[in-house]
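Before any comments, here is the structure.
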Amino acid sequence: MARKPRVEFDGVFYHVIVRGNQRQKIFGDDRDRLAYLERLEQYRERFGFSVYAYVLMANHIHLLVETKIVPLSKIMQGIQFTYTQTFNRRHRTVGHLFQGRYKAILCDRDEYLLELAGIKRQNLSYEINFFIPFLFNSPGQ
C-alpha cells in the first residue's frame, strides 16, 4: 500500500526526528557530526529555511526548523541523501543509513521554543552531543 503524502505548508515550524536504520549509529565521531551540520547549513542557505535548534545523538537527530517556500520533504531529502553518501564513502559501507521516513511534528513556534528552553534548563545532565539553539537564521536576517 502506498504511503500517505505529507501535508506541508509554507512558514511552518516543525520538530523533525530522524533515526538510524535498525537503531544503528549515524555518527561515528565528531567529524561525522560536523559533516551533517555542514549539509544542514548548505541546504539552509540554498532553500532559505530557519534552524532554531538541533540535537545530534549517536543514532538519531532532532531538528527544530521553520520552512519558508521550499517544502520540508525536499529539504530533508537533500540533507539525508547527501549525508548518507558522505557517511558511506567515509566508512566504506553501502545502503540505507536512516530508518524509513523522518517524523515531522507541526508545532506552535513561540510556545514550543519557550517549552524547549525550560526543558533544556531542567535536563542539563542529559547526554547531548550538540545543542546550540538559534545558531542558524534564515538568509538575510
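What the table below lists for this structure:
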item: Residues located in the stretch 20-32, provided they are buried (at least 18 other Cβ atoms within 10 Å of the Cβ) and of a type in the set (D, E, K, R); result: Asp32
item: Filtered residue count, the stretch 36-70, keeping only those that are of a type outside the set (Val, Ile, Thr), surrounded by fewer than 16 Cβ atoms within 10 Å (Cβ to Cβ) and over 11 Å from Val18 (Cβ atoms); result: 8
item: Residue match in the stretch 62-76 (condition: out of contact with any Asp or Glu (no Cβ under 7 Å at 6 or more places or on another chain), closer than 15 Å to Leu97 by Cα and not β-branched (Val, Ile, Thr)); result: yes
item: Residue check, Gln85 surrounded by fewer than 13 Cβ atoms within 10 Å (Cβ to Cβ), of a type outside the set (Gly, Ala, Ser), modelled with pLDDT of 95 or more and more than 28 Å from Glu115 (Cβ to Cβ); result: yes
item: Tally, over the stretch 49-92, of residues that are touching a residue at least 24 places away in the same chain (Cβ under 8 Å) and closer than 12 Å to Ala35 by Cα; result: 8
item: Any hit, the stretch 62-78, residues being touching a Phe, Trp or Tyr at 6+ places or on another chain (Cβ under 7 Å) and over 18 Å from Glu8 (Cβ atoms); result: yes
item: Residues (in a loop (DSSP other than H, G, I, E, B) and either without any contact (Cβ under 8 Å) to a residue 12 or more places away in the chain or β-branched (Val, Ile, Thr) (or both)) located in the stretch 10-31; result: Val12, Ile26, Asp29
item: Subset of the stretch 41-70 (residues that are over 9 Å from the mean Cα position of the chain (by Cα) and among the hydroxyl-bearing types (Ser, Thr, Tyr)); result: Tyr43, Ser50, Tyr52, Thr67
item: Any hit, the stretch 51-61, residues being more than 23 Å from Arg6 (Cα to Cα) and among the small types (Gly, Ala, Ser); result: yes
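The values are calculated or read from the model by the stated rules, or taken from the named source; none is laboratory data. Predicted model, so just to flag it, every value in this text is computed and none were measured. As a convention, Cβ positions derive from the backbone with ideal geometry for all residues, glycine included, and neighbour counts pool all protein chains shown.
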